[in-house]
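Presented below is the structure to which this report refers.
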Protein chains: 2
Amino acid sequence: MILPVDLQDVEQAHQRIRPHIHRTPVVTCRQLDLQAGTRLFLKCENLQKAGAFKSRGACNAVFAASDATAERGFVTHSSGNHAAALSRAAARRGVAAQIVMPSNSSAVKVAAVQGYGGVITFCEPNLVAREAAADKILETTGGSLIHPYDAELIVAGQGTAALELLEQVPDLDAIVVPVGGGGLLAGTLVAAKALNPAIQIIAVEPRGADDAYRSWKSGTWVPSIEPQTIADGLLTSLGAINFKIIQELVDLIWRVEEATILRALQLILERAKLVVEPSAAVPLAGLLEEPERSDGEFSRAHKRVGVLLSGGNVDLQRLPLGADTPSA
Amino acid sequence: MILPVDLQDVEQAHQRIRPHIHRTPVVTCRQLDLQAGTRLFLKCENLQKAGAFKSRGACNAVFAASDATAERGFVTHSSGNHAAALSRAAARRGVAAQIVMPSNSSAVKVAAVQGYGGVITFCEPNLVAREAAADKILETTGGSLIHPYDAELIVAGQGTAALELLEQVPDLDAIVVPVGGGGLLAGTLVAAKALNPAIQIIAVEPRGADDAYRSWKSGTWVPSIEPQTIADGLLTSLGAINFKIIQELVDLIWRVEEATILRALQLILERAKLVVEPSAAVPLAGLLEEPERSDGEFSRAHKRVGVLLSGGNVDLQRLPLGADTPSA
């Protein structure tokens, strides 16, 4: 089966975006290994430009465009990391980024986009208003819509995180990835499975936003309806391109409880000393939950497991973190 | 003048401790550069084993000892990062660590030491009781006292952080270092000045615990009396060995306000996405304060400045962090 994105696309993306992104470090932490019961290699996309892996896809889309296209600017509707990443990428190319954001977006997110030079158009907080606002800007400016996750260039860009991780730690047995819209997961699958067909790629999503699991299990795309999770980066439905790639290549999708996500988040903060957003803690939550997980397909023993820490944009003061167990 | 520690001691320490410590990453963050008005290279000792640079000195002291000495165990009085680091180092050598801690130590710190296998003796929270308790253990066991900062092997070990930093970023113009007991500062001075005599080494300490500044300015050792600062790793008086090295080699000592330490801490958490303890934020505070600092000896323009993020052992829930400005 021919997939919409392949390893060559990811390698091209890496060449293209290298001057514009961080080659993020891979960190190990014995205290986390003990909790997870396996050896972990944390790919620190929380330390990425604009605080998340989204800079990879956004830079790839922006720098792949022709000069004529780029000059008309880029447009997206997003209130999250993609909006900041696209604003930054467009600014580096010296062109405009127009961001449609719901009128109830937090001041922090508005400030992040504005800080990178994005021009915000506010709209009513619903999908119809959002798309109408974006369409109007596209008509007026002739700019290009850059979808947050369901586009070939975005997937290829996000895949560069796994490409780098496998350069940094070549002998991984598995990589654990959060899944929301599926861009990071699809990119990881395309890159990692081409480099090492034996590697296991495991997606993890919150039980309260388990459309990827249900789509994968049923073989039919299932939308995310009224998702409930603290992992605010994983609320969206799976993209169509991404679902195709995921159906073909993913090994397992695990679902985790909210309490485990919070526990994982706290462990990463207190033990690994890294600031991550709740979505980035979801893969570790998958490893923490049911340590005796007997699905017969993932054996923890002697494993070397890559973990994509997807981003670090979080308001620590607002998290319901528990008691103190720092240090160590 | 012959100093008590030289570059060769630091290089030997590095060979000795390499299997036992992390080669910590160096991270850059444009948002921090903008705030500091100069290009920063953050040496992430918050990601070090046991969460602080103290693992370097402790491993050096423990692994430099003869088998006969090591078998009698190691002893220290400390309630902080050195206690955890020494416990871990001794455990790796398979010998005992006895830690004298004041009876009012926080449960978190007690748990950290115990987690690494250290055996705790509680004492009244004063210097006389602490030294008496340590002396008693030393008499009984014949073990070796490992001072937290004022010992040649400790200084040489701490100097390996700067050694690594200069391997990772050879062309630094300056390194900014927090100063408490002075072990990290003395080790940095010995290593960095030998490798590059033109490099500027700037120490920063809280204004409420400015014994190093006063000692340096007056040329006479001044003890730290009733220090007041949130930077709990910088409360101690300067060690005698360290003062000698500092007097000879340091370029500048800056003092910073508490409010600036908190601002620096928040920037590192929210912008650099790294969990650090207040002491580790003190160097950045020095760069933030008085950006027009006209001491004529440090010019910010075109500088490449290394920053030693000394540790990450902090209870985030207890910090008086301000409003939310994450992301970006």
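The values are calculated or read from the model by the stated rules, or taken from the named source; none is laboratory data. Please read all numbers here as calculations on a predicted model, not as lab measurements. Cβ atoms come from the backbone with ideal geometry, glycine included; neighbour counts cover every protein chain shown.
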Exercise for review: Look through B:144, B:105 and report the one residue that is polar (S, T, N, Q) and within 21 Å of the chain's Cα centre (by Cα).
Suggested key: B:105
Exercise for review: Scan region B:155-188 for residues that are crowded, with 24+ Cβ neighbours inside 10 Å and among the hydrophobic types (A, V, I, L, M, F, W, C) and jot them down.
Suggested key: B:155, B:156, B:161, B:162, B:165, B:175, B:176, B:177, B:179, B:184, B:185, B:186
Review point. If only one of A:90, A:85, A:64 is at pLDDT 95 or above, touching a strand residue (DSSP E or B) at 6+ places or on another chain (Cβ under 9 Å) and away from every other protein chain (no Cβ under 13 Å), which one is it?
Key: A:90
Check your understanding: Has region B:9-22 got any residue that is acidic (Asp, Glu) and under 26 Å from residue B:303 (Cα atoms)?
Key -> no
Review point. Hey, does region A:218-240 have a residue that's at pLDDT 95 or above, within 14 Å of chain B (Cβ to nearest Cβ) and within 27 Å of residue B:312 (Cβ to Cβ)?
Key: no
Check your understanding: When you look at residue A:119, is it within 14 Å of chain B (Cβ to nearest Cβ) and not basic (Lys, Arg), yes or no?
Key -> no
Point to revise | Residues of region B:252-271 satisfying the condition of being touching a strand residue (DSSP E or B) at 6+ places or on another chain (Cβ under 7 Å) and over 23 Å from residue A:111 (Cα atoms) | key: B:252, B:253, B:254, B:255, B:256, B:258, B:261
Review point. Which residue, of B:250, B:275, B:256, B:204, is closer than 18 Å to residue B:316 by Cβ and in contact (Cβ under 8 Å) with a residue 12 or more places away in the chain?
Key: B:275
Exercise for review: Return only the number of the condition from (1) touching a helix residue (DSSP H, G or I) at 6+ places or on another chain (Cβ under 7 Å); (2) within 23 Å of residue B:9 (Cα to Cα); (3) assigned to a helix (DSSP H, G or I) that residue B:244 does not satisfy.
Suggested key: (1)
Practice item. Report yes if some residue within region B:147-162 is over 19 Å from residue B:85 (Cα atoms) and either basic (Lys, Arg) or modelled with pLDDT of 95 or more (or both); otherwise report no. Key: no
Exercise for review: Could you list, in sequence order, all residues of region B:146-185 that are touching an Asp or Glu at 6+ places or on another chain (Cβ under 9 Å) and part of a loop (DSSP other than H, G, I, E, B)?
Suggested key: B:159, B:179, B:180, B:181, B:182
Check your understanding: Residues B:133, B:85, B:111: which one is of a type outside the set (Val, Ile, Thr), farther than 20 Å from residue B:159 by Cα and free of Cβ contacts under 8 Å to residues at least 40 places away in the same chain?
Key -> B:111
Check your understanding: Picking from A:261, A:246, A:268, which residue would you name as being at pLDDT 95 or above and touching a Cys at 6+ places or on another chain (Cβ under 9 Å)?
Key -> A:268
Point to revise | Qualifying residue in region A:299-307 (condition: modelled with pLDDT of 95 or more, over 24 Å from residue B:50 (Cα atoms), in contact with a helix residue (DSSP H, G or I) (Cβ under 7 Å, 6 or more places away or on another chain) and crowded, with 24+ Cβ neighbours inside 10 Å) | key: no
